[in-house]
């Protein structure tokens with residue numbers, strides 16, 4: 001298969017020429033993956049094009065509260081004339097649906113991470129969020145946006161910029177936010193849902209994890225970690241670990257932070273964050289990827305051996 005770079009206009013035309021589209025959000029989805037996918041799904045419907053959104057992972061309570069569960073299917077079905085991966089930096093991010101996607105000829109990637117070209121058509125632009133690309137694509141559909149589509153795009157933009165506080169935030173982020181808010185987006189609700197609200201059990205769990213954080217490399221590397229029994233103690237699931245890394249990187253002295261959460265027997269999900277420190281290169285050593293200052297990977301082994309491996313990589317690049 002020939003992999004080509006695709007412009008916004010080319011991606012728009014490809015979608016508009018389709019009759020039935022399969023949309024794939026990445027595994028363990030965030031609000032940008034789901035917001036972008038569902039917004040595109042709703043916009044395609046307005047353009048009289050059938051589509052279905054797929055994701056292989058359970059949705060967090062925040063995603064359910066946003067109403068994404070009404071549109072997302074966890075089991076693949078149907079035949080489609082275009083297969084689209086949304087917010088997936090590489091084919092592995094599609095998760096269990098990756099074999100379905102990579103076996104197709106007419107494929108399109110819409111993503112902002114700047115990763116691999118793995119589709120026949122690759123609309124990859126280094127924006128703050130994939131939601132920005134989706135907005136520009138939808139703008140070429142000749143349809144009118146509505147509050148629901150605008151809300152889902154805003155959720156993706158807001159969360160991927162850390163409520164407009166991450167280093168990937170720029171004037172274009174604010175310009176798009178301004179346009180979307182004109183449709184009646186409830187800014188306070190989205191901010192509270194994704195950045196403030198938490199349950200009492202979740203607060204107790206995070207408090208315990210923060211109490212056990214590790215300060216390494218003279219305080220420049222902070223690690224927060226959780227194993228299965230840690231969240232089960234509070235009647236929670238592994239979704240309780242989502243966003244845990246923010247508590248580690250918020251330590252003033254930290255230049256790089258990691259959250260390590262058990263994903264299976266002797267298997268751990270790693271999320272890395274850096275303050276002007278490229279963590280993508282570290283995750284790449286373990287087969288992962290993402291953004292320059294926010295990346296992830298999965299490592300098999302003993303928890304403390306994994307911490308040692310990460311510490312050695314951090315020391316090398318400090």
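The values are calculated or read from the model by the stated rules, or taken from the named source; none is laboratory data. Note that the structure is a prediction, hence the values are computed from the model and not measured. Don't worry about glycine lacking a Cβ; one is built from the backbone with ideal geometry, like all the others, and counts go over all protein chains shown.
Can you give me the number of residues within region 261-274 that are part of a loop (DSSP other than H, G, I, E, B) and in contact (Cβ under 8 Å) with a residue 12 or more places away in the chain?
1
Scan region 282-301 for residues that are in contact with a helix residue (DSSP H, G or I) (Cβ under 7 Å, 6 or more places away or on another chain) and modelled with pLDDT under 95 and jot them down.
If the condition is that a residue be in contact with a helix residue (DSSP H, G or I) (Cβ under 7 Å, 6 or more places away or on another chain) and modelled with pLDDT under 95, then 285, 289, 290, 291, 292, 295, 296, 297 are the ones that fit.
Check 116, 146, 111, 65 and return the single one that is over 18 Å from the mean Cα position of the chain (by Cα) and either buried (at least 24 other Cβ atoms within 10 Å of the Cβ) or touching a residue at least 24 places away in the same chain (Cβ under 8 Å) (or both).
146
Scan (1) in contact with a strand residue (DSSP E or B) (Cβ under 6 Å, 6 or more places away or on another chain); (2) farther than 12 Å from residue 310 by Cβ; (3) modelled with pLDDT of 90 or more for the single condition residue 246 breaks and write down its number.
The one condition residue 246 does not meet is (1).
Just the residues that are over 14 Å from residue 297 (Cβ atoms) and either out of contact with any strand residue (DSSP E or B) (no Cβ under 6 Å at 6 or more places or on another chain) or crowded, with 22+ Cβ neighbours inside 10 Å (or both), please, taken from region 261-273. Steps first, answer last, please.
So the first thing to find is which residues in region 261-273 are over 14 Å from residue 297 (Cβ atoms), and the list is 262, 264-266.
Correct list: 264, 265.
Run down 107, 102 and say which single residue is touching a helix residue (DSSP H, G or I) at 6+ places or on another chain (Cβ under 6 Å) and at pLDDT 95 or above.
Going through 107, 102 in turn, the sole match is 102.
Which members of region 126-143 meet the condition of being buried (at least 19 other Cβ atoms within 10 Å of the Cβ) and over 22 Å from residue 194 (Cα atoms)?
Across region 126-143, the qualifying residues are 137, 138.
If a residue has to be farther than 30 Å from residue 315 by Cβ and either under 22 Å from the mean Cα position of the chain (by Cα) or free of Cβ contacts under 8 Å to residues at least 12 places away in the same chain (or both) to count, how many in region 183-221 make the cut?
Going through region 183-221 one residue at a time, the tally reaches 18.
Could you go through region 180-194 and let me know if any residue there is assigned to a loop (DSSP other than H, G, I, E, B), out of contact with any strand residue (DSSP E or B) (no Cβ under 6 Å at 6 or more places or on another chain) and in the same structural domain as residue 313 (by TED's automatic domain parsing).
So far as region 180-194 goes, no, none of its residues is assigned to a loop (DSSP other than H, G, I, E, B), out of contact with any strand residue (DSSP E or B) (no Cβ under 6 Å at 6 or more places or on another chain) and in the same structural domain as residue 313 (by TED's automatic domain parsing).
Can you name the condition, by its number, that residue 43 falls short on among (1) buried (at least 16 other Cβ atoms within 10 Å of the Cβ); (2) on the phi > 0 side of the Ramachandran plot; (3) more than 20 Å from the chain's Cα centre (by Cα)?
Among (1) buried (at least 16 other Cβ atoms within 10 Å of the Cβ); (2) on the phi > 0 side of the Ramachandran plot; (3) more than 20 Å from the chain's Cα centre (by Cα), the lone unmet condition for residue 43 is (2).
Go over the candidates 143, 94 one by one and state the one that is within 22 Å of residue 291 (Cα to Cα), at pLDDT 95 or above and not assigned by TED's automatic domain parsing to the domain that holds residue 291. Step through it out loud before you land on a result.
Details: 143 fails: within 22 Å of residue 291 (Cα to Cα).
Sole residue among the options that is within 22 Å of residue 291 (Cα to Cα), at pLDDT 95 or above and not assigned by TED's automatic domain parsing to the domain that holds residue 291: 94.
Looking at (1) part of a helix (DSSP H, G or I); (2) at pLDDT below 95, find the lone condition where residue 58 falls short.
Every condition holds for residue 58 apart from (1).
Can you name the residue in region 241-260 that is touching a helix residue (DSSP H, G or I) at 6+ places or on another chain (Cβ under 6 Å) and in a strand (DSSP E or B) and, of all such residues, is surrounded by the most Cβ atoms within 10 Å (Cβ to Cβ)?
Filtering region 241-260 down to residues touching a helix residue (DSSP H, G or I) at 6+ places or on another chain (Cβ under 6 Å) leaves 247, 256-259.
Adding the requirement that they be in a strand (DSSP E or B) leaves 256-259.
Values: 256: 27, 257: 27, 258: 30, 259: 27.
Filtering region 241-260 for residues that are touching a helix residue (DSSP H, G or I) at 6+ places or on another chain (Cβ under 6 Å) and in a strand (DSSP E or B), the one surrounded by the most Cβ atoms within 10 Å (Cβ to Cβ) comes out as 258.
Looking at region 151-177, which of its residues are without any contact (Cβ under 8 Å) to a residue 12 or more places away in the chain and either in contact with a helix residue (DSSP H, G or I) (Cβ under 7 Å, 6 or more places away or on another chain) or under 17 Å from residue 134 (Cβ atoms) (or both)?
Residue satisfying the conditions is 175 alone.
Exactly one condition in (1) free of Cβ contacts under 8 Å to residues at least 24 places away in the same chain; (2) within 16 Å of residue 60 (Cβ to Cβ) is false for residue 232; which is it?
Checking residue 232 against (1) free of Cβ contacts under 8 Å to residues at least 24 places away in the same chain; (2) within 16 Å of residue 60 (Cβ to Cβ), the one that fails is (2).
Would you tally the residues in region 13-40 being buried (at least 19 other Cβ atoms within 10 Å of the Cβ) and assigned to a helix (DSSP H, G or I)?
12
Could you pull out the residue among 175, 157 that is assigned by TED's automatic domain parsing to the domain that holds residue 136, in a helix (DSSP H, G or I), modelled with pLDDT of 95 or more and loosely packed, with under 14 Cβ neighbours inside 10 Å?
Working: 157 fails: loosely packed, with under 14 Cβ neighbours inside 10 Å.
Within the list 175, 157, the selection yields 175.
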